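**Student:** Pasting a structure here, questions to come.
The values are calculated or read from the model by the stated rules, or taken from the named source; none is laboratory data. Computed from a predicted model, the values in this text were never measured in an experiment. In this analysis, Cβ positions are derived from the backbone assuming ideal geometry, glycine residues included, and neighbour counts consider all displayed protein chains. Accessible surface is based on the protein model in full, side chains and every heavy atom, while ligands, DNA and RNA are left aside. Shrake-Rupley method; radii C 1.70, N 1.55, O 1.52, S 1.80 Å.
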Amino acid sequence: MDVVWVVLLGLLLGGYFVVDGFDIGTGVLLRRLGRGEGERRMLITAIGPFFLGNEVWLVAVGGVLSGAFPLVEDRVLGGLYPLVAAGLLIWVLRDAAVWFRSRQPSLRWRAGWDRLLVAASTAFAAFWGMVVGAALAGLPEPGTTAGAWQLTGPYALLWAAVLVTLFAAHGAIFLVARLRDDMATRARERAARLLRPAAALLVLAVGAGAVFVLPREWSVVLPVTGVGALAAGALWAADTAVRADRHARALVLSSAAVASPVLMVLLRLAAQLPEGTADAETLRTLGGLALAALPLAAAAQAWMWRAFRRPVDAGTVVFF
Amino acid sequence: MDTLLLARLQFATTTSFHFLFVTLSLGLVVLVAAMQTVYTITGKSVYARMTKFWGTLYVINYALGIVTGLVMEFQFGMNWSGLTQAAGNVFGAPLALETLVAFFVEATFLGMWIFGWNRLPKWVHLALIWLVAVAAYVSALWILAANAFLQHPVGYAARDGVVVLTDLKALLANISLTDAFLHVASAAALAGGMFLAGISSWHLIKRTSETEVFRRSLRWGVVAAPAGGYSIIHFGFLQEVAIEQYQPMKLAVMYQDPHRLELARQAMLQRFGQGDFAPPSWIAVPYQVMMNGAFVLTLTTSVCLLLLFRNWIARLRVPLYVLLAMAPLPLVLVVMGWIVREVGRQPWAVYGLLTTEQAASPIPPVLVLASYIGFTLVLGALVVLDYWLIVKFARRGPRHTPLGTTVAEPARDRLMAF
């Protein structure tokens, strides 16, 4: 039963990185890819119909943590307290920028929120990098909070750079599929420019981790490094695919790469996680209903992606 | 200041912000879904304009409900690790189910509803807003189930010093849940009804265009408000009967009745031994405000309901001013109600099992203070901004609502606002 919940947690958090990665990446690139207010609104419209359905994956991660992993939740949220508080504030600001930017006609109003969206999306990507870095270094002991070195040291900052680049590249590939003509071309060029640096940074971070940070146990170092190498390879292949105009393939590859840090963290913490699950009786009582709800949630998501699969055009509804 | 006080203030501030917005969302979503249903069946354009106008205000209001909710979900793990360690097995279950069973589909379908205007078949589009509404109430039910467990723990067993979940049905049949859920749902109806009535009154007072939209909306509001009002009073008093059984001290303090206080003190002594198990006596004040406010609103809107006969309500004018002035009152009362329920549970985090002091995380106060200041400033500013936008869009009226605008018309979307 424990395994089921660990897999569910991994799928939800990995899925969150993939789908909200589209939104984070689009936010990071908003002012570079969009020239003028109109184009920027097109970019936000490209993520618009999915925006709420994407970030809800993280809400579900929070729910599964508190329901099935109460003690892990404690150690993550308490252990990384300052980082988590900052991340929540950034998340709130990112959402506020999306919700409010088009609610006033003034160009100054919209430009201001666009700037905030870029800043908050970039900070949000960096936040996830720092969480990954801090988690790979190991969660602090129960009841303690990690120090500044673990949260904002060079290793955490290196991961921040990895995820900012990675989310931006991932978002750019997504935008190629969602837009047409000139803007799609610009997104494609941007993706091609970001993918190899993202792969290089990832190799650097995984290498530095294996040498300086991870515990010296083959059972940890090997799988984590292996996943990192595969992810870097996927990014390299995605770059080739983008240059050959094979976007669906590129999107699958970049999704795998974006989700890979979650797998690395789970592999790193594998020894700590099972101790943190709720007791078997609780999980049994909770399990039936929770697992029964999953197909429903999956169906809703599938329907959403299908209903809005057409690229943005003149008839597309705008809101955000 | 110590961690405990700061953590409590942080929770109280975030939840109060949250309740302001989710109560109105819960009330409006049903009204908007009903408007869209009438439009889909009759095809009358006035209902399309009503749906889009009130739907716009609903989604603007929704934004703050989401962002405050996100913060709250994670604050439990950050500031209340004692609660997670002692009772996380049980308390976490309804929170997990809320996200997986309800909020996941609610958010997904709301996005589809916002972006599906004129793009999805109209019956499908209608179904979406009803699914959002159903999911919103299921979501409220699970959240209240978690809260009801704190008020009156049921459905668990203590094994080796840890509390485990044994009976999910018992969590949902909690006497602290059923009436409270219906009380909250009724408050949503009152808040939504007053919102419709107040804003419609403003337009009728100012004699803006679109009289038909606001004449009808006023009627909808004036019907929904007293219906919610009587229901609130009913389920409010029913709750007191239950509270007398499971938290006698809370009820005694609410009433400030010396005889009850003495009896409750003896009951506490018998159950928990020596110690102070009374919540602060000032909760009697928010209790009185909530109760009398609900009476006033219910009576006033009932009179307004009678005045709908031959449209006396608009011809007399005075009722319009009264409704406009009272429109925000339900939200104040909701916050008062939650203060009574939550502060009234003190000194317990989980009644009889875990005190609030034991529930707080061992986090250095400076960190809790910094995050408290951060959340309060950012969320507070967004609350003000969101209400400012709601007022702005409410005054603008049903022409040029942003819902259903397409990429080809952003110029119109920009121009119209001037």
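**Student:** Quick check for me: using +1 on Lys/Arg Cβ and -1 on Asp/Glu Cβ, what's the dipole size of chain B about its Cα centre, in debye to the nearest 20?
**Tutor:** Roughly 1980 debye, rounded to the nearest 20.
**Student:** At a 1.4 Å probe, what is the % contribution of carbon and sulfur to the accessible area of chain A?
**Tutor:** On the way: 7670 of 11270 Å².
C and S atoms contribute 68 percent here.
**Student:** A further question follows. Can you give me the relative contact order of chain B as a percent, contacts being Cα pairs under 8 Å and 6 or more apart? Spell out each step's value before the answer.
**Tutor:** On the way: 556 pairs, mean separation 108.1, N = 418.
Value for chain B: 26 percent.
**Student:** Using C-alpha positions alone, give me the convex hull volume of chain B per residue in cubic angstrom.
**Tutor:** Numbers: hull volume 63.3 nm³, N = 418.
Dividing the Cα hull volume of chain B by its residue count gives 151 Å³.
**Student:** Using R₀ = 60 Å, calculate the FRET efficiency as 1/(1 + (r/R₀)^6) where r is the Cβ-Cβ separation of A:Arg243 and B:Thr40; round to 0.05.
**Tutor:** Details: r = 48 Å, r/R0 = 0.80.
Plugging the Cβ-Cβ distance into 1/(1 + (r/R0)^6) gives 0.80.
**Student:** Now for a different question. Of A:Thr152, B:Ala284, B:Thr208, whose Cα points farthest to the positive end of the dipole of the protein assembly as shown (charges on the beta-carbon: +1 Lys, Arg; -1 Asp, Glu; origin at the Cα centre)?
**Tutor:** B:Thr208
**Student:** What distance in nm lies between label points placed 7 Å from Cα along the C-beta direction at B:Lys122 and B:Asn292?
**Tutor:** Rounded to a tenth, the inter-label distance reads 5.0 nm.
**Student:** Follow-up question, since we're still on this one. Averaged per residue, what accessible area in Å² does the protein assembly as shown show with a 1.4 Å probe, protein chains only? It would help to have the intermediate numbers written out before the result.
**Tutor:** On the way: 27250 Å² over 738 residues.
That works out to 37 Å² for each residue.
**Student:** Over 22 Å, how big is the tail of the calculated P(r) for the range A:229-320, in percent of all Cα pairs?
**Tutor:** Details: 2566 of 4186 pairs.
The share of Cα pairs beyond 22 Å in the range A:229-320 comes to 61 percent.
**Student:** If you don't mind, another one. Between B:Gly344, B:Gly92, B:Gly65, find the one with the highest GNM mean-square fluctuation for chain B; connect C-alpha pairs within less than 10 Å.
**Tutor:** Highest fluctuation of the listed residues: B:Gly92.
**Student:** Now for a different question. Say a site is exposed when it is one of the trypsin sites (Lys or Arg not before Pro), sits in a DSSP loop, and has at most 10 other Cβ atoms within 10 Å; what is then the longest site-free stretch of chain A?
**Tutor:** Numbers: sites that count: A:Arg216, A:Arg309.
Longest gap between qualifying sites, sites excluded: A:1-215.
**Student:** Suppose R0 equals 56 Å. What FRET efficiency, 1/(1 + (r/R0)^6) with r the Cβ-Cβ distance, do B:Leu316 and A:Ala307 give to the nearest 0.05?
**Tutor:** About 0.70, to the nearest 0.05.
**Student:** While we're on this one: Give me the angle, in degrees from 0 to 90, between the Cα long axis of helix A:181-208 and the longest principal axis of the Cα atoms of chain A, rounded to the nearest 10.
**Tutor:** That helix lies at roughly 20 degrees to the long axis.
**Student:** How long are the three semi-axes of the equivalent ellipsoid of the range A:1-129, in whole Å, if each is the root of 5 times an eigenvalue of the C-alpha gyration tensor, listed from largest down? Can you show the working numbers first?
**Tutor:** On the way: eigenvalues 195, 46, 25 Å².
Sorted largest first and rounded, they come to 31, 15, 11 Å.
**Student:** When you take every Cα atom in the range B:314-418, what is the radius of gyration, and what is Dmax, the widest Cα pair distance, in Å?
**Tutor:** 22.3, 62
**Student:** Full extension from B:Asp2 to B:Asp257: what is 0.36 nm times the residue separation minus their Cα-Cα distance, to one decimal in nm? Each step should come with its number before you reach the end.
**Tutor:** Details: separation 255, 0.36 × 255 = 91.80 nm, distance 3.26 nm.
Residue separation times 0.36 nm, minus the Cα-Cα distance, leaves 88.5 nm.
**Student:** Running Debye on the range B:1-149 with equal point scatterers at the Cα sites and no solvent, what base-10 log of I(q)/I(0) appears at q = 0.11, 0.17 Å⁻¹?
**Tutor:** -0.49, -0.95
**Student:** In whole angstrom, note down how far apart the Cα centers of the range A:76-90 and the range B:318-384 are.
**Tutor:** When both Cα centres are located, 21 Å separates them.
**Student:** For the interface of A with B, what's the total buried accessible surface in square angstrom, probe 1.4 angstrom, rounded to the nearest hundred? Walk me through the numbers on the way to the answer.
**Tutor:** Working: alone 14700 and 19290 Å², together 27250 Å².
Using a 1.4 Å probe, the pair buries roughly 6700 Å².
**Student:** Let me ask something else about it. With charges only on Cβ, +1 for K and R and -1 for D and E, what is the dipole size of the range A:2-307 about its Cα centre, in debye, rounded to 20? Present the calculation step by step, with values, prior to reporting the outcome.
**Tutor:** Values: 26 positive and 20 negative charges, 301 e Å.
I would put it at about 1440 debye.
**Student:** A follow-up question, please. Any idea what the alpha-carbon Rg over 2.2 N^0.38 Å comes to for the range A:2-307? Write down the numbers at each step before the final one.
**Tutor:** On the way: Rg = 19.2 Å, N = 306, 2.2 N^0.38 = 19.4 Å.
Working it through for the range A:2-307, the quotient is 0.99.
**Student:** Quick check on the protein assembly as shown: helices-only [θ] at 222 nm, where DSSP H runs of length 4 and up contribute -39,500 (n - 2.57) each and the sum goes over total residues. Nearest 500, please. Please report the intermediate quantities before stating the final value.
**Tutor:** Working: 28 runs with 581 residues, N = 738.
The per-residue figure over the protein assembly as shown is -27000 deg cm²/dmol.
**Student:** OK, next. Once you average over the residues of A:276-285, how many Cβ atoms of partner chains fall within 10 Å of each Cβ?
**Tutor:** Values: counts 0, 1, 9, 7, 1, 7, 13, 4, 3, 12.
Counting Cβ atoms of other protein chains within 10 Å of each residue's Cβ and averaging gives 6.
**Student:** When only alpha-carbon atoms count, how far does the protein assembly as shown stretch along each of its three principal axes, as whole angstroms with the largest first?
**Tutor:** Over the protein assembly as shown, Cα extents along the principal axes are 73, 67, 43 Å.
**Student:** Next question. What distance in nm lies between label points placed 7 Å from Cα along the C-beta direction at B:Asp276 and A:Ala148?
**Tutor:** 3.9
**Student:** Something else: Quick check on the range A:130-237: what does the Kirkwood estimate of hydrodynamic radius come out to from the alpha carbon pairs, in Å? Numbers along the way, then the final one.
**Tutor:** Numbers: mean 1/r = 0.0661 Å⁻¹.
Value: 15.1 Å, from the Cα pair sum.
**Student:** Moving on. Let me know the mean shielding of A:297-308 by other chains, meaning the per-residue number of their Cβ atoms within 10 Å of its Cβ.
**Tutor:** Values: counts 8, 1, 2, 9, 3, 1, 5, 7, 1, 0, 7, 6.
What the average comes to for A:297-308 is 4.
**Student:** Normalised by the number of residues in chain A, what is the relative contact order in percent for Cα pairs under 8 Å and 6+ residues apart? Working shown, then result.
**Tutor:** Values: 423 pairs, mean separation 83.2, N = 320.
Worked out over chain A, it gives 26 percent.
**Student:** Full-extension gain between B:Gln358 and B:Trp388, please, as 0.36 nm times their residue separation minus the C-alpha to C-alpha distance.
**Tutor:** Working: separation 30, 0.36 × 30 = 10.80 nm, distance 4.02 nm.
So the chain would gain 6.8 nm between B:Gln358 and B:Trp388.
**Student:** Right, another one. Work out the length of the dipole vector of the range A:247-320 about its Cα centre, built from +1 on the beta-carbon of each Lys and Arg and -1 on the beta-carbon of each Asp and Glu, and round it to the nearest 20 debye. Please report the intermediate quantities before stating the final value.
**Tutor:** On the way: 6 positive and 4 negative charges, 87 e Å.
With Lys and Arg at +1 and Asp and Glu at -1, about 420 debye.
**Student:** Taking the Cα centroid of the range A:1-68 and of the range B:271-298, what is the distance between the two, rounded to the nearest whole Å?
**Tutor:** 42
**Student:** While we're looking at this one, here's another question. State the extension gain, in nm to one decimal, for the chain segment bounded by B:Leu9 and B:Ala157, taking 0.36 nm per residue of separation less the distance between their alpha-carbons.
**Tutor:** 50.2 nm
**Student:** Hey, which lysines would be in cross-link range of B:Lys122, C-alpha to C-alpha under 23 Å, not counting anything within fewer than 8 residues on its own chain?
**Tutor:** Cross-link targets: B:Lys44, B:Lys52.
**Student:** I want to check the label-to-label distance for B:Ser16 and A:Ala298. Put each point 7 Å from Cα in the C-beta direction and report it in nm to one decimal.
**Tutor:** Roughly 4.4 nm, to one decimal.
**Student:** Follow-up question, since we're still on this one. Rounded to two decimals, what ratio of Rg to Rh does the range B:118-232 give with C-alpha atoms and a Kirkwood Rh? Intermediate results must be reported in sequence, preceding the final value.
**Tutor:** Details: Rg = 20.3 Å, Rh = 17.2 Å.
Expressed as Rg/Rh, it is 1.18.
**Student:** Can you tell me the relative contact order of the range A:124-283? Whole percent, Cα pairs under 8 Å, sequence separation 6 or more. Could the numbers behind the result be given before it?
**Tutor:** Values: 197 pairs, mean separation 38.6, N = 160.
It rounds to 24 percent for the range A:124-283.
**Student:** Helix B:178-206 versus the longest principal axis of chain B: what is the Cα-based angle in degrees, 0 to 90, to the nearest 10?
**Tutor:** 30
**Student:** Do me a favour and compute the ellipsoid semi-axes for the range B:204-287 from its Cα gyration tensor, root of five times each eigenvalue, largest one first, whole Å.
**Tutor:** Working: eigenvalues 415, 35, 15 Å².
Working through the eigenvalues yields semi-axes of 46, 13, 9 Å.
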